[in-house]
Each structure stands twice: as structure tokens, then as C-alpha cells.
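Quick notes on the structure that follows.
The values are calculated or read from the model by the stated rules, or taken from the named source; none is laboratory data. This structure is a prediction, so every number in the text was calculated from the model and none was measured. Positions of Cβ are backbone-derived with ideal geometry, glycine not excepted, and every protein chain shown enters the neighbour counts.
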Amino acid sequence: MSDDRLKIEVSHLTKRYGAVTAVRDLTFTVEPGVVTGFLGPNGAGKTTTMRMLTGLVSPTSGAATIGGRPYRRLPRPSRTVGAVLDANAFHPGHTARDHLRVYAAMGGYPDSRVAELLDLLGLAEAADRRTRGFSTGMRQRLNLATALLGDPRVLLLDEPSNGLDPEGMRWLRSFLRQLADEGRTVLISSHVLSEIQQLVDDVVVIRRGELIAAGPWSRLAGPPAVLVSSPDADQLAAALRVSRPDRDAPRVEPVEGGRLRVHGLDAPDVADLAAAHRLRVHELVTEAPGLEQLFLHLTTDKAAAP
């Protein structure tokens, strides 16, 4: 196993708890050198999957490997994988330095690594404060420092942006991008889609324990939509839906304020069609695709797997 560029590979992974199937026949790959978002509604099976990746939960069937090996067969797991799955894994009476020293001793890492990470994660000034007084954002930084003690090539992070202010989010984006640029494999589970959109390159989307979509999120989101404001919105929507009988019809969604979101036509096409039908248009805006729209489209009951 090479330590340089390690893939996460999940193959036909299933986990049942009695009559409940938390994860069902899940298959995906997380590539090195990119930041991958692991997305899904609450209860979709994200946490269970990440716990199977780290050997905390045994799969009913299938496999989850890192660099071709299950977590339990990695020779020094903390040198290969850094995981943050519990935001509150601190003794409240310990200082940040104490906490890192305990985990460094468990992993066989020197105190010099503790000092290095306190500085790297912006915790040097708070190093001797007890963790009970830490803000959520400071806890997130300490979690990351703990995960990085072994300088791992793979990072598994559950909700790493929780509690971070805008400055902290900007720092996290830069920090994770640097790690990915070094060839590391970074998998982030999150529900804060507006923030995760600025963090990730690829996404893995699951619903009810099953894969819905995987790949670069910009490709999955598709081309830009056109946002139309018109007092004749109903008539315009009807005209748009029948505008291309010999091709795939545009998809038209009503949005708040009496507007329409049109997929499959560009702004000049919409303007020309409205003019041909003598329908009024007050505003046309080309709308870049967003991760939140993609997520909602993929995880609603009407969405079909690609």
C-alpha cells in the first residue's frame, strides 16, 4: 500500500439494525487531491457509513477500504486516517495542550507535534485554557488538530464547519484546499450547503442509505438556469413547456414572487419566446447552479437516480 495517494472505496456496503436498513448496497469512490462532500438528509446513513469506514461499526455486507485495506488492517491507522466524528470528544477539565498530548502519547507522536499543530490550527494562545470554556469553533479546530497528529493522508470530517464564524469558514476553506492540493483525500459530511459549496469539488449524495449521485458537483448541477419575472407567468410557463415538441421540453419551476426558473433554455431563447407570444417579461437573470438546488432536487421523493 502506497502512503502517497490513497483512495476511499466503498463497495456494495450494507448495514442493517434488525429490521432497519441504515445503509443499502452503497458504492462510491473518494479520490485523492480533491475535497469531497458527503451529503444527505438527516437519517440518510452518512454517520453510519463514516463509522464503517473507521471500523467503529461492522458492515452487514460489502466493504469499505482506505488504500485498499479495511481500517482495522491498517498498520498504524492514525498515520493513514484522521477522523473527526464527535465534536465533543474532550475532557472538560483538560487544556487543549493536555488533550493533544494524551492522543499524541497514544499514537506514539512527540510533544513537538502538539506544539506544531496548536500553532497551525490557530490555538497557540488558547493552548492552556480548559476545553470546557471553548467555543464551538475552537472545538472544531482542536478536533482537526487531533485528527492531524499522525499527518494522515486521508481525512474524514463530520460537520467540520459547525460553529465557525465567517473568518473561521474562510480559514477552513483555505486549510482543507491546501491539504487536498498536497494529494490528500478529504471527505466531509455536512448539512450547511451554502458553505460546503465553497469547500468541495466532488459530492456523494445519499438518501435513505442509497446512492443518489456522485461526481463533480458542478457537472451534476448542470448548466445555468434562467430566472424570469413576468406578470404573465402562468401563460409563459405553458408556452415554454410546449416550445420544443421535437426535443426535450424545458423544465419550468414556479418560485416565490410570481417568478419562474427555466432549465434547458438560455435567456435569449426565453425572451424570444415571450415576445412571440406577446407576453410581458420584466426581468431575466441567468442563475448559476447551486449545490443547495442540486441537493434538494436529488433528495426529494420525485427525484430519480441518474
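What to note about this one:
- Residue in the range 100-120 that is nearest to PRO160 (Cα to Cα), counting only those that are touching a residue at least 40 places away in the same chain (Cβ under 8 Å) and among the hydrophobic types (A, V, I, L, M, F, W, C): LEU100
- Check on THR48, touching a Gly at 6+ places or on another chain (Cβ under 7 Å) and hydroxyl-bearing (Ser, Thr, Tyr): no
- ASP86 meets each of the listed conditions (1) surrounded by fewer than 15 Cβ atoms within 10 Å (Cβ to Cβ); (2) over 22 Å from ARG141 (Cα atoms); (3) charged (D, E, K, R) apart from (2).
- Applying the condition of being among the acidic types (Asp, Glu) and at pLDDT below 80 to the range 250-306 and asking which residue is farthest from HIS191 (Cα to Cα) yields ASP301.
- In the range 190-207, of all residues being assigned to a helix (DSSP H, G or I) and of a type outside the set (Asp, Glu), the one that is surrounded by the most Cβ atoms within 10 Å (Cβ to Cβ) corresponds to ILE196.
- Any hit, the range 169-189, residues being within 20 Å of GLY33 (Cβ to Cβ), in contact with a Gly (Cβ under 7 Å, 6 or more places away or on another chain) and surrounded by 16 or more Cβ atoms within 10 Å (Cβ to Cβ): yes
- Sole residue being out of contact with any Leu (no Cβ under 6 Å at 6 or more places or on another chain) and either buried (at least 16 other Cβ atoms within 10 Å of the Cβ) or assigned to a loop (DSSP other than H, G, I, E, B) (or both), chosen from LEU26, LEU100: LEU100
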